[in-house]
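Chemist: Okay, handing you the structure first.
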Amino acid sequence: MIHGLSPEEPGWISILVLTELAWTLRRVYKLDRTSIAGVLERLLSSKDTVLEQRDVVRRALLAYQSSKADFADCVIAVTANLAGCSRMVTFDEIAARDLGMELLA
């Protein structure tokens with residue numbers, strides 16, 4: 001249980017906040033990918049929280065766990081794919097390599 005929240009009165013977390021959380025855990029707190037994925041998994045499984053676009057978060061987490069791409073790039077790739085985009089471009093070499101995006105040089 002997350003302090004102060006309950007299944008009767010769950011907290012709502014936006015997908016943008018989740019991407020910022022993953023970034024902060026990595027950059028500020030120096031957590032490794034496994035630990036960050038664990039935090040996101042706990043939020044996904046919590047009955048005390050409502051996650052915006054839970055299915056997108058779940059899919060992005062799977063992409064994050066199977067690649068070296070940042071969680072934000074995984075969210076972008078998943079949402080673009082679900083929107084029917086056939087081509088995604090990025091300046092990020094890892095996202096291009098691991099998520100099937102086209103690298104802009």
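Taken together, the values in this text are just the output of simple stated rules run on the coordinates, not laboratory data. All figures in this text were calculated on a predicted structure; none of them were measured in a lab. Neighbour counts are summed over all protein chains in view; Cβ atoms, including those assigned to glycine, are modelled from backbone coordinates with ideal geometry.
Chemist: Please tell me the relative contact order of the stretch 11-103 in percent, rounded to the nearest whole number, where contacts are Cα pairs under 8 Å and at least six residues apart.
Modeler: Averaging sequence separation for qualifying contacts and normalising by length gives 24 percent for the stretch 11-103.
Chemist: What is the distance in Å between the Cα centroid of the stretch 48-68 and that of the stretch 74-91?
Modeler: Taking the Cα centre of the stretch 74-91 as reference, the centre of the stretch 48-68 is 14 Å away.
Chemist: If you take every residue apart from Trp23 with its C-beta less than 13 Å away from the C-beta of Trp23, what net charge results, scoring Lys and Arg +1 and Asp and Glu -1?
Modeler: +1
Chemist: From the mean inverse distance of alpha carbon pairs (Kirkwood) and the Cα radius of gyration, derive Rg over Rh for the chain.
Modeler: Dividing the radius of gyration by the Kirkwood radius yields 1.01.
Chemist: Show that you can apply the helix-only estimate: for the chain, add -39,500 (n - 2.57) for every DSSP H stretch of four or more residues, divide by all residues, and state [θ] at 222 nm to the nearest 500.
Modeler: Here the helix-only value at 222 nm equals -16500 deg cm²/dmol.
Chemist: Once you charge only the Cβ atoms, +1 for Lys and Arg and -1 for Asp and Glu, what is the size of the charge dipole of the chain about its Cα centre, to the nearest 20 debye?
Modeler: 240
Chemist: Given a 10 angstrom Cα cut-off, can you work out which residue in Gly84, Gly38, Gly11 is the most mobile in a GNM of the chain?
Modeler: Per the Cα network of the chain with a 10 Å cutoff, Gly84 tops the list.
Chemist: Considering amide H positions built from the backbone, and no H for Pro or chain starts, which residues 5 or more places from Leu31, or on another chain, come under 5 Å of its amide H?
Modeler: Arg26
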